[in-house]
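Trainee: I am attaching a structure below and will ask some questions about it afterwards.
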Amino acid sequence: MFKKSVFLLFSVLLLISCYPLGTFQGPEVLPVGAETMGIGLSWMTNITSLQDSSSGNETAFVADGSLLFRRGFAHHTEIGIKFVGRPWTRGALLTDVKWQVVQEPLMVAVDFGLSYWTNIDILASVGYHPALIVGNEQLFSVFQYNYVRSSARILKTQDLLLGYHIPMSDNDYIFTPLFGLHQDKSDPGNIFYSLGFGFAGPVDDWWRP
C-alpha cells in the first residue's frame, strides 16, 4: 500500500506540475514584443480512491502555485516560461512555444512544452508536453499529453482542460478560472480532476505604483 500511495502522490505532483503549461492561456497569441506576467493557483485530487483492507480508502490532494512570463516572439508565435511550486525542491521549471495555426472561425493553436522538475524522492525528471488549444478570446479547451521520465520511472498522462478568460474592468488584467480532467495512461481508472485560478496582465502594469 505504501508503494501505491507514493506512486499516487508522485502522479499528482507530476500532473499539477505539468497542468499549468496549458493553464490560463487560450489559443490567442501576444503581439510581437508584448509581454505578460501572471500567477496561478491549482488544486488537484483523484476521483477514484485507492482501496486497502488495512488502512481503508486514501485520496491524494495537492495544491500548488505558479508564476509565469510570456512574450510575443514572432508572427502568430508566443513563448513562455513558468515556475511551479519550489523548483529547487519539489516543483517544476517549464518552458513552451505556442503557435496559432487558425484564426477563424475558431482560433486553434499548437503548443509544445518541456519541463524539468524534482519529485518526492528528489530524482530529477524531464518531460515533454504537446498540446492543442481551441476556442476564442474567452472560452477555450486544452488537450494535452504528458511524458515525464526520471531514472526511476516513466509516467504518461493525458489532460482535458476547460478555461474562461474574464477581462478585469478598466485595465488589461485577465482572470481565468479553469477545470481539468487528467488520466494516467498506464492505469485508465486512475483519474484526477483539478480546479485552477489565474491572474495575468502586461508586465509594465505589475510595477506601476
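The values are calculated or read from the model by the stated rules, or taken from the named source; none is laboratory data. This one's a predicted model, so the numbers in the text were calculated from it and none came from an experiment. A quick note on method: Cβ atoms are made from the backbone with ideal geometry, for glycine too, and the neighbour counts reach across all protein chains shown.
Trainee: From the set of residues in region 124-179 that are hydroxyl-bearing (S, T, Y) and over 15 Å from G113 (Cβ atoms), which is farthest from the chain's Cα centre (by Cα)?
Mentor: S169
Trainee: In addition: Out of all the residues in region 127-184, which are modelled with pLDDT under 90, outside any strand (DSSP E or B) and closer than 25 Å to V203 by Cβ?
Mentor: Residues satisfying the conditions are E137, M168, S169, D170, N171, D172, Y173.
Trainee: Within region 93-114, track down each residue that is within 16 Å of the chain's Cα centre (by Cα) and among the aliphatic types (A, V, I, L, M).
Mentor: L93, L94, V97, A109, V110, L114
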